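The next block holds one structure in the form of structure tokens; read it before the comments.
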Amino acid sequence: MSLGDTPDALDEFAHDLPDGVNVFQALGELLRHQPQVTIIKLAGMARGGGAEFVASADMTFAAIGRAGIGQVEALMGIVPGGGGTQYLATRVGRNRALEAVLSADLYDAKTAERYGWVNRAVPADELDDIVDRLARNIAALPEGVIAAAKRAIPPEDLAEGLLRENDAWTGQIIRPAAAQLIRDGLAHGAQTPDGERDLEGLLRRLAG
Amino acid sequence: MSLGDTPDALDEFAHDLPDGVNVFQALGELLRHQPQVTIIKLAGMARGGGAEFVASADMTFAAIGRAGIGQVEALMGIVPGGGGTQYLATRVGRNRALEAVLSADLYDAKTAERYGWVNRAVPADELDDIVDRLARNIAALPEGVIAAAKRAIPPEDLAEGLLRENDAWTGQIIRPAAAQLIRDGLAHGAQTPDGERDLEGLLRRLAG
Amino acid sequence: MSLGDTPDALDEFAHDLPDGVNVFQALGELLRHQPQVTIIKLAGMARGGGAEFVASADMTFAAIGRAGIGQVEALMGIVPGGGGTQYLATRVGRNRALEAVLSADLYDAKTAERYGWVNRAVPADELDDIVDRLARNIAALPEGVIAAAKRAIPPEDLAEGLLRENDAWTGQIIRPAAAQLIRDGLAHGAQTPDGERDLEGLLRRLAG
């Protein structure tokens, strides 16, 4: 989110990007294609790039009453540009993906489960045990099983969608309004613990 | 549903149809490809072509205790022919789409949400506020965001499926039994407020 | 599951397999492509090949408190090899499919419905009535409707995925560890009523 202020922050990563993805998408794709099993315990709020990171992992378990997930980008004049539109559409379908992107709302654990955005919403005080047990069980599987499962159920090929997303994102991020909204957000504490508590409210007030 | 009686009612629209879709599908595709965001508030019953209309919109919010949605066509000897089979399969998967089409049942708001047929089931007395807030928030988004979101998450390409659906629909609508069932339904009040209250029951009795 | 002991048990079926599928996949594909409507009443536990059989049918209704479904193969050192990985991914998405395959857990009716693994979880004492009514209603549909619905909503083309699955499965089943785990499981009652009550526990203890 600080790209508006430090536009060259990611230049060093940009040198050896895979073809057809921007630097943000490359991070999501890197995680989505890991040979390891990636499991996210979501007990706080994941927004924007954080929500994209969550959706690029293999599995997510979300704490009821604590977890929130949202693609807040629209309030900054852009759309998710790190794979989020494609990861969402793949998980929840076009209708709910459009809703999430355009509402820019924060979704609680139970709604995120009902939409398929996360694997499951679980009681907050059971989250650690549930994920620990799952991770230990997976780690104890006989040799080769994880690789075989990932070979049988590979990541979807999102190449075309990522190009469309990058085009859509680029067309917005170059607008002066987006840079202004991002700067205003930062100036009003969008990346402080206080500001993040109701980031959507803060950004809606700035845009209004 | 009155096509049986007035087979030329749609002739005027039929002149400049897009390639590869019938006149009913063209309506759904027109709505599904709108540049605007289309949101449906479903507080009554949407069946047949009405259900197809709902499923071709970007988002649907359904009132618990009031909303119902169903593809009733099977009871008239046909299948949905205005995109409904494809919109359903895209939203709820093949298994539940087959169930909806072949059961011809009316689905309540909560079941429709669990299946992914609608975005969300909400308390009936909150429906207006929830959708108004969403629509206002979307309308207040910075310039270009809606178009960018629709570019990043475009409508699925359903061309092949729509051809299959049209073939399947055509093969049934030409049968005398379908014309007879549709005529009988109309004669018994299928399009009156009374008849629509339990349309499935009315049609099952006629077919039985 | 007894393939470890009787590797030639399926030789007679193997003579006229369709191209590109193994003998287990051929069974699932045969069911998935039936012209009839196939509905499963799940009131017990379906694991491994049983779970694959369930997922290859058109619809499944599961009894709350009684039904369980699970892909237990990982605990035997393999992955589902009869279409299960593809049927799961198609129904529940990659994230939940990976979870089901790698957790090897048994999923109850309500969770299976929330994931989309089954059409619906219903009260156990209503399962028979619900499915009977549905089956009778479908059987009473006018001529041609079932075929038309299946033509409009055909089985997904899973050919590539089934090849990947077979490769992944073959790479594991040839390992001595898999044969050993399967033999140990059978020796410890994995296919007895007692052993099946907590098959996951039994297999985890053997692998641990």
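Derivation of every value follows stated rules applied to the coordinates shown; laboratory data play no part. The model shown is predicted, which means the values in this text are computed figures rather than measured ones. Methodologically, a virtual Cβ is constructed for each residue, glycine included, from the backbone with ideal geometry; neighbour enumeration extends over all protein chains shown.
With a Förster radius of 56 Å, plug the Cβ-Cβ distance of residue B:198 and residue A:15 into 1/(1 + (r/R0)^6) and report the FRET value to the nearest 0.05. Write down the numbers at each step before the final one.
On the way: r = 67 Å, r/R0 = 1.19.
So, using R0 = 56 Å, E works out to roughly 0.25.
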statement: Charge tally for neighbours of residue C:139 with beta carbon under 13 Å away, counting Lys, Arg as +1 and Asp, Glu as -1, is +1
field: Förster radius 60 Å - calculated FRET efficiency between residue B:175 and residue A:136, Cβ distance, rounded to 0.05
entry: 0.50
field: Other-copy label distances relative to residue A:43, 7 angstrom Cα-Cβ extension, nm
entry: 4.3, 4.3
- line: Diffing segment C:19-35: the Karplus 3J(HN,Hα) column from phi (6.51, -1.76, 1.60, θ = phi - 60°), in whole Hz with x for Gly and Pro, holds 4, x, 9, 7, 5, 6, 4, 4, 5, x, 5, 4, 5, 5, 9, 5, x
- request: Would you tally the net charge around residue C:53, using a Cβ to Cβ cut-off of less than 12 Å, leaving residue C:53 out, and scoring K and R as +1, D and E as -1?
  value: 0
- prompt: Each residue of segment B:70-75 in turn: what ³J(HN,Hα) in whole Hz from Karplus with 6.51, -1.76, 1.60 and θ = phi - 60°, glycine and Pro shown as x?
  reply: x, 9, 8, 3, 4, 6
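Would you mind working out the magnitude of the charge dipole of segment C:34-104 relative to its Cα centre, with +1 at each Lys and Arg C-beta and -1 at each Asp and Glu C-beta, to the nearest 20 Debye?
Rounded to the nearest 20 debye, it is 160 debye.
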- prompt: Any idea what the relative contact order of chain B is, in percent, if you count C-alpha pairs under 8 Å spaced at least 6 apart?
  reply: 24 percent
field: Pairs of lysines in the protein assembly as shown (C-alpha under 24 Å apart; 8 or more residues apart or interchain)
entry: 12
query: For segment B:168-208 and segment B:10-74, what is the separation of their C-alpha centers, rounded to whole Å?
result: 20 Å
task: Compute the label-point distances linking residue A:17 to its equivalents in the other copies; points lie 7 Å from Cα along Cα→Cβ; give nm, one decimal, shortest first.
output: 4.4, 4.4
Fluctuation leader among C:50, C:68, C:171 - chain C, Gaussian network, Cα springs under 10 angstrom: C:171
message: Give the average, rounded to an integer, of partner chain Cβ atoms located within 10 angstrom of each Cβ in A:80-88.
response: 2
task: Run through the other copies and list how far each one's label point is from that of residue C:180, in nm with one decimal, shortest first; the point sits 7 Å from Cα along Cα-Cβ.
output: 7.0, 7.0
- prompt: So what is the calculated 222 nm ellipticity per residue for chain B, using -39500 (n - 2.57) for each DSSP H run with n of 4 or more, over all residues, to the nearest 500 deg cm²/dmol?
  reply: -15500 deg cm²/dmol
field: Whole-Hz ³J(HN,Hα) from phi, Karplus 6.51 cos²θ - 1.76 cosθ + 1.60, for segment B:195-208, glycine and proline x
entry: x, 6, 4, 9, 4, 4, x, 4, 5, 5, 5, 5, 7, x
- prompt: To the nearest 0.05, how large is the calculated FRET efficiency for residue C:36 and residue A:159 if R₀ is 35 Å and r is the Cβ-Cβ distance?
  reply: 0.35
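Arrange C:162, B:75, C:134, B:163 by Cβ neighbour counts within 10 Å, fewest through most, would you?
B:163, C:134, C:162, B:75
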Charge tally in the Cβ shell below 15 Å around residue C:41, where Lys, Arg are +1 and Asp, Glu are -1, residue C:41 excluded: -4
query: Non-local amide H neighbours of residue B:46 (under 5 Å, H modeled in plane, Pro and chain starts lacking H): which ones?
result: B:68, B:69, B:70
